[in-house]
1. The conditions are (1) farther than 30 Å from HIS204 by Cα; (2) buried (at least 18 other Cβ atoms within 10 Å of the Cβ), and VAL127 fails exactly one of them. Which is it?
2. GLN24 passes all but one of (1) modelled with pLDDT of 80 or more; (2) of a type in the set (S, T, N, Q); (3) exposed (fewer than 12 other Cβ atoms within 10 Å of the Cβ); which number fails?
3. Residue under question is HIS204, and the condition is that it be farther than 26 Å from MET85 by Cα and crowded, with 16+ Cβ neighbours inside 10 Å; does it hold?
4. Listed residues GLY185, GLY148; which is within 17 Å of the chain's Cα centre (by Cα) and among the small types (Gly, Ala, Ser)?
5. Would you pick out the residues in region 149-164 that are out of contact with any Leu (no Cβ under 9 Å at 6 or more places or on another chain) and of a type in the set (D, E, K, R)?
6. It is to be established whether one or more residues within region 181-199 are within 20 Å of ASP67 (Cα to Cα), out of contact with any helix residue (DSSP H, G or I) (no Cβ under 7 Å at 6 or more places or on another chain) and outside any strand (DSSP E or B).
7. Only residues in region 75-94 that are among the basic types (Lys, Arg) count as the first member; pair them with residues that are part of a helix (DSSP H, G or I) and modelled with pLDDT of 95 or more, Cβ under 9 angstrom, at least 6 apart or cross-chain, and list the lot.
8. Output the residue which, of all residues in region 90-126 that are hydrophobic (A, V, I, L, M, F, W, C) and assigned to a strand (DSSP E or B), is farthest from ILE78 (Cα to Cα).
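The values are calculated or read from the model by the stated rules, or taken from the named source; none is laboratory data. Quick caveat: nothing in here was measured; it's all calculated off a predicted structure. Methodologically, a virtual Cβ is constructed for each residue, glycine included, from the backbone with ideal geometry; neighbour enumeration extends over all protein chains shown.
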Amino acid sequence: MPASLRTTNHFLQAFGGVGSKLGQTHSKPETETPLLAQRMASLIKENMIMNQEIPRMINHVGLSVPDLDKAIDWYQKILGFQVLMGPYEVTVGDSYGSRMLKDFFGPDLKRLRIVHMSMGNGIGLEVFEFIEPKSRLPKNAFDYTRGGFYHICITEPNIENLVKRILDSGGRQISQIWEIYRDSGFKATYCQDPFGNVIEIFTHEYGSVWKKQPSKNVPKKS
């Protein structure tokens, strides 16, 4: 049996295997890449010398959608994310995994579907379709005043092309495409996927946009 399938089966066994159904599963090696390990070792050494806290890495982002299959198809075709594991369905019972899920989400959770995906830089996207209780879309998904996380950001040099693909596939463009500061070449815009989730697009890697920019470039109140 392939290692990826053994990993998947062991995971489902933790949830009692009740109501679990696997789709096509693609798995990457379980060990960290040498480059990532080297980077972490460098950070540890650097911060130990400077007596600073080590910058943590984002592990994954969790997303709730009303239709998991449509979400998988959209995130694969439009953003190129890869499926690592799933999709699978879990009916919450009395198994170890079920007790964990009820502790995470509360006692009302009865049934859900999950898929684990990977973005281009190895950060995960964990997509949930809650069945009982059922997933629902908020009236205003872009409620930036409510507090908490409210968008993810994708790096895409050809920003105009990605915006067009989002629009052609049922998504929405919230804002125009803007230069973050004039004559910089750094562009950004806000969009939504077909399920209302907010996706910002940057043309450049985050650190190159914001690190040590002259104060004259920082956007100011008009």
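1. (1)
2. Checking GLN24 against (1) modelled with pLDDT of 80 or more; (2) of a type in the set (S, T, N, Q); (3) exposed (fewer than 12 other Cβ atoms within 10 Å of the Cβ), the one that fails is (1).
3. yes
4. GLY148
5. If the condition is that a residue be out of contact with any Leu (no Cβ under 9 Å at 6 or more places or on another chain) and of a type in the set (D, E, K, R), then GLU160, LYS164 are the ones that fit.
6. The answer is yes; a qualifying residue exists.
7. Going by the 9 Å Cβ cut-off, the qualifying pairs are LYS77/ARG165.
8. That would be VAL90.
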